[in-house]
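**Student:** Quick one: the structure is below, questions incoming.
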Amino acid sequence: MRRLGSCARRAVVAAIGAVLLAAPVSARPYAERVSESTLPNGLKLILLEDHKAPVVVFQLYYRVGSRNEALGHTGLSHILEHVMFKGTETVGPEAYSRIIQLNGGRTNAFTSQDNTTYFATLASDRIGVVVDLEADRLANLRVTNEQFLPERDVIMEERRLRVDNNPIGALFEQLTTTAYTAHPYEFPIIGWMSDIAQTTLDDVLAFHRLYYVPNNAFIVAVGDLDSAALTARIADAFAAIARGEVPPRVRAIEPPQRGARRLELKREAQLPFVAMAHHTPNLTSPDAAALEVLASILAGGESARLHRELVYRQRLARAAGASYDYTSIDPGLFTVYVQPLPGIAVGDAEAALGREIERLRQEPPSARELAKARNGIEASFVFAQDSLFYQAMLLGQYEVAGDWRRIDQYLPAVRGVGAADVQRAASIYLKPENRTTGVLVPYPVASEPGAPEALPMGPMH
């Protein structure tokens, strides 16, 4: 098949988006398709039958992430994610992944600010394998110090790779810790190096006992499944695991930012980098959809404002973009960034980025920009429904943020965003006094020059 060029792809997306906005999406709402139940021990099940392929995606979410940690104990959620693969009384160290692979499946896990998730994709007739494995390691995790200490070293090396030896990763870490002053979102998901180094196996097992209980977890399964049969199968595997004490809730509330903050990070690097973070509400706010459209107007592809203006027209940057924490449990950040081209002063790139933000604060986007952003969001959402894994992740993310049923509100809210809504959101949340700016100031690299630093590709875990 011949690949479409970028202009042709944009035209196709725009055309499809126009059709989507003209008529409702044909798929039934999630609320009509999902089966939800809760076992007596508090474990919630969120099951969606989709028989397009003989495959099931199984995801187990624990409602614990870096937001549940404390100073001196950062990184515990991520460390425990690693430790969970070290075996039980009946399953040997690292055997979990091998068993899934021998049954033709794939498995992995990740840690975020708000949750820790374990997932596997298997043929539908093998789903019982992962159900039994997850129930076993929830109830019967067995780890020795001889297993734990080398794994802790692995995590320390992971931190060196992702942060300590990655100037842009280090800048984003510093940006977050500066933007937050009273909320544990300031903690790096991977943890501070000194905290990782002093974490003991007893610390990890105590954390497991506190947070890894059925009533602090839920299962999402999507694919070629029978909801009643899978509910019975999960109930049989997890029934003997008792409900635990309710874990302590996070009570911290980040106060409003009353003035601009700024940091400079001096590191060996090829190029400078600028990032700006703004405190914003999450999906529970009436402004969330406008912020989602605003992010798309700024960074929804190569024809969006930041790339078009800073990379293509002004030729100031090799990259520019934006992101918005739509499904965070607590209010998150709206971040914009730019990396100047070689020879471009970092101040010039920062000023150009600031001008683009201020332009949206002072005047609404054009009708064409607004339509393109809404069309792109809707097209991406609809096309992604073909993926069983995406559907499961969507259910999981919304459930972590409060209620998976909110998914059905997403597209109607996006469709209802007007140009004035976007300008108002930009004016309220992207104002300078609500901004934390981080600048990577490079000094000469001691080793042979290489390619410019890669941009972060997603959440660190």
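The values are calculated or read from the model by the stated rules, or taken from the named source; none is laboratory data. Keep in mind the model is a prediction, meaning the values are calculated, not measured. Here the Cβ positions follow ideal geometry from the backbone for every residue, glycine too, while neighbour counts run over all protein chains shown.
**Student:** Among the residues of the stretch 393-444, count how many are over 21 Å from the mean Cα position of the chain (by Cα) and either without any contact (Cβ under 8 Å) to a residue 60 or more places away in the chain or within 30 Å of Y118 (Cβ to Cβ) (or both).
**Tutor:** Residues that pass the stated criteria total 4.
**Student:** Could I ask something else about it? Taking I79 as the residue in question, decide whether it is in the same structural domain as E158 (by TED's automatic domain parsing), closer than 20 Å to F389 by Cβ and assigned to a helix (DSSP H, G or I). Show your work before the answer.
**Tutor:** Working: in the same structural domain as E158 (by TED's automatic domain parsing): yes; closer than 20 Å to F389 by Cβ: no; assigned to a helix (DSSP H, G or I): yes.
Taking the combined requirement at face value, the residue does not satisfy it.
**Student:** Separate question: Quick check on the stretch 288-329: of everything there that is of a type in the set (V, I, T) and over 17 Å from the mean Cα position of the chain (by Cα), which residue is surrounded by the fewest Cβ atoms within 10 Å (Cβ to Cβ)?
**Tutor:** Restricting to residues being of a type in the set (V, I, T) and over 17 Å from the mean Cα position of the chain (by Cα), the top hit is V311.
**Student:** With the requirement that a residue be over 17 Å from E81 (Cβ atoms) and charged (D, E, K, R), what does the stretch 173-226 give you?
**Tutor:** Across the stretch 173-226, the qualifying residues are E173, E186, D202, D224, D226.
**Student:** Here is a further query. Suppose the filter is assigned to a loop (DSSP other than H, G, I, E, B) and modelled with pLDDT of 95 or more; does S296 pass it?
**Tutor:** On the way: assigned to a loop (DSSP other than H, G, I, E, B): no; modelled with pLDDT of 95 or more: yes.
Answer is no for this residue.
**Student:** Looking only at the stretch 93-106, which residues are crowded, with 19+ Cβ neighbours inside 10 Å and either under 11 Å from G396 (Cβ atoms) or under 23 Å from the mean Cα position of the chain (by Cα) (or both)?
**Tutor:** Selection gives nothing.
Per-residue answers, yes or no, for (1) more than 30 Å from L102 (Cα to Cα); (2) free of Cβ contacts under 8 Å to residues at least 24 places away in the same chain:
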| residue | (1), (2) |
| --- | --- |
| L133 | no, no |
| D153 | no, yes |
| N165 | yes, yes |
| E173 | yes, yes |
| I189 | yes, no |
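**Student:** What tally of residues in the stretch 381-392 results from selecting those that are touching a residue at least 24 places away in the same chain (Cβ under 8 Å), surrounded by fewer than 20 Cβ atoms within 10 Å (Cβ to Cβ) and either among the basic types (K, R) or not in a loop (DSSP other than H, G, I, E, B) (or both)?
**Tutor:** Qualifying residue count, the stretch 381-392: 3.
**Student:** Moving on to the next point. Yes or no: L80 more than 18 Å from L138 (Cβ to Cβ) and not acidic (D, E)? It would help to see each step written out before you state the result.
**Tutor:** Details: more than 18 Å from L138 (Cβ to Cβ): no; not acidic (D, E): yes.
Against the criterion (more than 18 Å from L138 (Cβ to Cβ) and not acidic (D, E)), L80 does not qualify.
**Student:** In addition: Name the residues in the stretch 301-319 that are modelled with pLDDT of 95 or more and not in a helix (DSSP H, G or I), would you?
**Tutor:** So in the stretch 301-319, the residues modelled with pLDDT of 95 or more come out as 304-319.
Of everything in the stretch 301-319, those that are modelled with pLDDT of 95 or more and not in a helix (DSSP H, G or I) turn out to be A304, Q314, R315, L316, A317, R318, A319.
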